[in-house]
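To start, the structure under review is shown below, and the notes come after it.
The values are calculated or read from the model by the stated rules, or taken from the named source; none is laboratory data. If you're wondering where the values come from, they're calculated on a predicted model, not measured in any experiment. Don't worry about glycine lacking a Cβ; one is built from the backbone with ideal geometry, like all the others, and counts go over all protein chains shown. The accessibility values were calculated without ligands, DNA or RNA, using every heavy atom of the protein model including side chains. Shrake-Rupley method; radii C 1.70, N 1.55, O 1.52, S 1.80 Å.
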Amino acid sequence: MSTADPAPVVLEQVSVSIGGRPILRDVDLSVGTGDTVTLLGPNGSGKSTLVRAVTGLLPHTRGTVRLFGTPIQDFTDWQRIGFVPQRSTATGGVPATVREVVASGRVGRRKLLRPTSRADRRAVESALEVVGLADRSSYGVSQLSGGQQQRVLIARALAGEPELLVLDEPTAGVDLPHQQALADALGRLKAQGATILLVAHEIGPMMRLIDRSVVMRDGLVAYDGPPLTQEVAAHTHHAHDHDDHHDHGVPGGHDHAPHVSSPLDFERGHHR
Ligand SMILES: Nc1ncnc2c1ncn2[C@@H]1O[C@H](COP(=O)(O)OP(=O)(O)OP(=O)(O)O)[C@@H](O)[C@H]1O
């Protein structure tokens with residue numbers, strides 16, 4: 001891909017309010033073609049809100065969000081973007097098989113009313129292999145464990161072969177061998193020129209892919225720079241608050257289980 005391509009993600013002075021409460025405040029962020037950027041930060045700092053604004057799930061109140069150079073309100077090429085939502089926000093209670101959910105990741109790529117192509121089937125098979133669920137493809141998603149359901153969501157996004165992949169804590173509840181498999185799959189996507197924006201508490205084996213880290217705090221970008229070391233990134237809950245936003249320490253940080261609902265929960269009536 002040429003460097004003249006517009007950056008896949010550009011946020012300029014973006015603010016998001018929910019119920020009148022400011023959640024993101026004047027966020028500037030640019031993710032260039034082929035970059036892998038990890039979003040870090042303590043619980044409630046606005047990471048999920050940011051990725052929901054980037055994926056069009058949440059409207060921004062001020063500023064500009066551009067995807068591949070197009071203001072998000074005019075953007076229609078959604079098949080270029082893959083999204084892995086936070087765990088348990090999109091699979092609970094869905095009466096669908098693993099293969100159906102993964103194949104739904106191809107929908108944006110298919111021509112209207114055309115049967116699935118060989119490329120569709122190959123992409124679905126390969127995504128199922130990557131997450132280690134090929135032998136469970138006919139299982140109902142609700143029969144699977146939480147970690148396996150998370151792997152289904154990852155496979156769905158990979159099946160779409162996106163140019164921009166946004167993942168919100170994809171490895172929460174996923175065991176180490178499957179984290180490694182995901183890192184390998186993301187590495188292959190990256191080698192093909194894909195751009196990756198990753199919210200993560202546990203970077204684990206994905207550390208080697210990271211080009212840049214952005215740390216959120218209280219709805220602001222508190223750090224944007226070289227990747228944080230694996231040790232620092234993996235122990236955010238031990239880090240002390242840093243007021244110097246240009247060092248490599250993580251400002252603040254409490255690791256936790258995600259607890260904030262996503263709009264998908266509301267669609268499915270899963271209020272938490
Ligand atoms: N749907 C919502 N309704 C009300 N408040 C919300 C909603 N979504 C997020 N918030 C609030 O916005 C703030 C930022 O939440 P967000 O989920 O973006 O943080 P986060 O950094 O992703 O944290 P986590 O790691 O817990 O997911 C929190 O104070 C949260 O309570």
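For the range 13-90, report the accessible area per residue in Å² (1.4 Å probe, heavy atoms, rounded to an integer).
Values: 3090 Å² over 78 residues.
The answer is 40 Å² per residue.
What FRET efficiency comes out for Gln73 versus Ser145 if R0 is 41 angstrom and r is the Cβ-Cβ distance? Round to the nearest 0.05.
Efficiency for this residue pair is about 0.60.
Could you state the orientation-averaged shadow area of the convex hull built on the Cα atoms of the range 134-205, in nm² to one decimal? Working shown, then result.
Details: hull surface 19.2 nm².
Answer in nm², one decimal: 4.8.
Between Ala134 and Ala119, what is the label-to-label distance in nm when each label sits 7 Å out along the Cα-to-Cβ direction?
2.2 nm
Could you tell me whether the range 1-90 comes out rounded, prolate or oblate from its Cα gyration tensor? Rule is a ≥ b ≥ c as square roots of the eigenvalues, rounded for a/c under 1.5, then prolate if a/b exceeds b/c, otherwise oblate.
Verdict is prolate for the range 1-90.
With labels modelled as points extended 7 Å from the Cα through the Cβ direction, what inter-label distance (nm, one decimal) is found for Asp28 paired with Gln13?
1.1 nm
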